[in-house]
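The values are calculated or read from the model by the stated rules, or taken from the named source; none is laboratory data. Model, not experiment: these values are computed from the prediction. Using ideal geometry, Cβ is built from the backbone for each residue, glycine included, and neighbour counts are taken over all protein chains shown.
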Amino acid sequence: MKKSFLLAYSDTLGSRDRVKEFLEAMPEIIHWRYDMDNSFYIVSEKSAKELAQEIRIRSGESGRFIIVELETYFGWLTNESWYLIKEKNYKPKV
């Protein structure tokens, strides 16, 4: 079953481009997007623990981050981000 996650990370994990490289190389990641500094929204069928373990390996076991499954959430995001979190898919282009 697809689940939505929030990945928040410190600069010690790497630049946004470096973290994007991790995510793009991980077959466990179905979709991802960002619209805030040092965070990504992720869709996967894996658990937060499994995703964290894989990111830890890819980072060379350096840097700080947390992955949280999004079950109850409130905030102010773009329509595209809300769609990804709720629908577990990219918002269709019109």
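Tell me, yes or no, whether segment 28-49 has at least one residue that is modelled with pLDDT under 95 and among the β-branched types (Val, Ile, Thr). Scanning segment 28-49, I find no residue that is modelled with pLDDT under 95 and among the β-branched types (Val, Ile, Thr), so the answer is no. Please specify each residue of segment 22-36 satisfying the condition of being in contact with a helix residue (DSSP H, G or I) (Cβ under 8 Å, 6 or more places away or on another chain), among the charged types (D, E, K, R) and in a helix (DSSP H, G or I). None - no residue of segment 22-36 is in contact with a helix residue (DSSP H, G or I) (Cβ under 8 Å, 6 or more places away or on another chain), among the charged types (D, E, K, R) and in a helix (DSSP H, G or I), so the list stays empty.
Those residues that are in a helix (DSSP H, G or I), without any contact (Cβ under 8 Å) to a residue 24 or more places away in the chain and surrounded by 13 or more Cβ atoms within 10 Å (Cβ to Cβ), I need them from segment 54-94; list them, please. Listed by number, the residues that qualify are 56, 82, 83, 87. None of 68, 43, 19 is of a type in the set (A, V, I, L, M, F, W, C) and more than 19 Å from residue 87 (Cβ to Cβ) except 19.
Among the residues making up segment 1-18, those that are in contact (Cβ under 8 Å) with a residue 60 or more places away in the chain, part of a strand (DSSP E or B) and not hydrophobic (A, V, I, L, M, F, W, C) are 3, 4.
Of all residues in segment 62-74, none are under 12 Å from the mean Cα position of the chain (by Cα), at pLDDT below 95 and farther than 23 Å from residue 91 by Cβ.
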